[in-house]
Amino acid sequence: MQSPTQWPQSAGELAMQCEQAAGRIDQILSRDVEADEQLLRLLDEAVAGLESQIAISMVLADASPNADLRQQALLCLDALSTIEQQWLSFDETSDMLSALEDQTLSKQGSRLLGLWLHQAGLVSGERAQQSNQRLHYAEAGYQQTLRALDKKLRLPQQCQQGVPTDQLQRWLSNDQFELPLRGAQVIRFLRYPVATECRRMAWVALQSKGMPENMMQLDMVLNQRQLWAKNHGAANFADYQLRTQLLDSPELVMQYLAATAAANLPQQFEHSDWLYTSVRAPDSAADVGQSPIAVMQQTFQYLQQFGLQFTPVVAPDLLTPKQLEQQQHNQPARYWHPGVAAYHLSVTANGDDQPRVLATVYFDVFARSNKSASARHRALRHGVYGGGEAESAVLMALPITAWYGRDRRSFYRQLGQAVQHAMARAEYHGLSGSPIERDFSRLGMALFEALMADHDPWLAGQIKSPKRIAKKLFRASVSLDYHRLGMSNFAGLQSINQHYFERYMKVPMPPEYTPQYSLNTLISDGVLYYQRLWYPAFAKLLLSCTEQVNGTFMQQLFEPAGQSAAFNAVQQVCPNIHSLEQLVNQVATVKRLQ
């Protein structure tokens, strides 16, 4: 085993670690060394160290109970992220790596060098850098506008009929009915037996609340993304985003979306006002609460039958949070909090006499003040071919008292990401950005969700309704076409909205409906919103291709990491799939988890 990550115990110690990580690249560039593959490895190690320090700082910013440490982590993230973005344009680096073109490199080294030199040439110019800065500025402005909006919809008096008196009092202001345009508030209103037109106004207003504030920002985002794509030799931003994906063209994605609609949507929904109605799902008898530790232990025990074994390095998980705090002085320095449990992840695959340790995974499952509210997986160190285990962290900021169905699902997803990261192997993971190919970036998350459905009765009962699929199809289609527009403009965006709204929603689009100015997913996911439909069904199809899910099966999918194309990995486990078109049609017909 490699030495474990040394978690800083003070802001000063973290500042020193960040300074050292930032200086490693400059140290290499200042040395008079021969341009050979050893130089490539040195640079890769330096960049990998930079990424690892960024991941450690992310964990501390998310989960450290120390306010000074959290603040220093944010400063570290800001400084190291700037270096990570800028170092490609160093003239010395370009000269060194250009000299490597005449050297004999490994398979991945040659592939990496070609990609790196192409990328460096594209982003090092002043025009490209200015374009990148404007794009980041526009994306940040779009998000900030959405966060700052605190709108209310003034509804006519007849819309009060059907609203319970106690709730109505909360929404009245100076005898005017003003509905806050926030998701939970609008959903609650849609559940009441009020007039259809009232519900329609509320739904449309929520979906369009970024109009007109975000008009300028979105136009700038889309136009700068198109310029960025052209600087990278792509026809448009949709083409640029998809060219490293399994579905590597907008046409193939549209084919998938059309096949999904044909297989899952009715010719007509039962009620014309279905969009403006929200029905609370009935409580499930399988949605029982369990303690986080119980969920972890049961999950680890269940995964043993698939060749995965989690062995505690230390076992603080048997103690209460109070006992953990009392024993804090006895905890090794590598823990950022005494409630963190560390496990060695081992796998048994074909040809193995004994389980092989692949990674150390840290689990932080206890809620506490100042901790991130989102479940996260952080890749701390990548696995390398020929030796070197991975390291990662799973953070769950969920209630300590009980995890219900949705909480358990979040844990399964982050655990799947950790297992995928543990199995992925690459020779040059620092320079290439990740050992995991982008087209498989969410496969671990979806695969474990599908795998755990046989173990968790609540998860097994979650079937996606046609209504939810229609909404996801709409968002995926419009996002893709927004990014294929030659030049963004209001009329073009509205034309795209109307076309797909009527195709999937089966009702005429309200003229005041402008979702493009309120879709935060346009910033976070770009054109890849289709993945929310693709990955769950893709994972279930892969599981159906084998009689026995085991360590060998997972390594066939996860381990290649840049050594072969994603479709080749799919064919290893599904040999009867002979083309991407065939894969698309089969995934489109899979029964879907919610």
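The values are calculated or read from the model by the stated rules, or taken from the named source; none is laboratory data. What you are looking at is a predicted structure, and each value in this text was computed from that prediction instead of being measured. Neighbour counts run over all protein chains shown; Cβ positions are idealised from the backbone, glycine included. The protein model used for the area step is the full one, side chains on, heavy atoms only, and it has no ligands, DNA or RNA in it. Shrake-Rupley method; radii C 1.70, N 1.55, O 1.52, S 1.80 Å.
State which entries of Lys209/Lys506; Lys152/Lys467; Lys472/Lys540 exceed 25 angstrom in Cα-Cα distance in the structure shown. All intermediate terms of the calculation are to be shown ahead of the outcome.
Details: Lys209/Lys506 23 Å; Lys152/Lys467 27 Å; Lys472/Lys540 19 Å.
Violating the 25 Å limit, Cα to Cα: Lys152/Lys467.
Using modelled amide H (1.01 Å from N, peptide plane; none on Pro or chain starts), what sits under 5 Å from the amide H of Gln290, excluding residues fewer than 5 places away?
The list, which skips near neighbours in sequence, is Trp403, Tyr404.
Rounded to two decimals, what ratio of Rg to Rh does region 452-551 give with C-alpha atoms and a Kirkwood Rh?
Details: Rg = 17.2 Å, Rh = 15.8 Å.
Using only Cα positions, Rg/Rh for region 452-551 is 1.09.
Return the whole-Å distance between the Cα centroid of region 253-298 and the Cα centroid of region 43-85.
Distance between centres, Cα-based: 37 Å.
If the label point is 7 Å along Cα→Cβ of Arg406, which residues in region 494-531 have backbone nitrogen under 19 Å from it?
Counting backbone N atoms under 19 Å from the label point, the list is 520-521.
To the nearest 20 Debye, how big is the dipole of region 497-593 about its Cα centre, given +1 on the beta carbon of each Lys and Arg and -1 on that of each Asp and Glu? Mind showing how you got there, number by number?
On the way: 6 positive and 6 negative charges, 51 e Å.
That gives a dipole near 240 debye.
Taking only the C-alpha atoms, wrap a convex hull around region 515-594 and report its volume per residue in Å³ as a whole number. Write down the numbers at each step before the final one.
Numbers: hull volume 10.8 nm³, N = 80.
Enclosed volume per residue, from the Cα hull, is 135 Å³.
I'd like to compare 158-169, 8-19: which one has the highest average count of other Cβ atoms within 10 Å, and what's the full order after that? Walk me through the intermediate numbers first.
Working: 158-169: 13.2, 8-19: 17.2.
Top to bottom by mean Cβ count within 10 Å: 8-19, 158-169.
To the nearest 10 Å², what's Met58's accessible area with a 1.4 Å probe?
Around 60 Å² of this residue is reachable by solvent.
What's the long-distance tail for region 156-230, i.e. % of Cα pairs beyond 15 Å?
Working: 1720 of 2775 pairs.
Considering region 156-230, 62 percent of its Cα-Cα pairs are separated by more than 15 Å.
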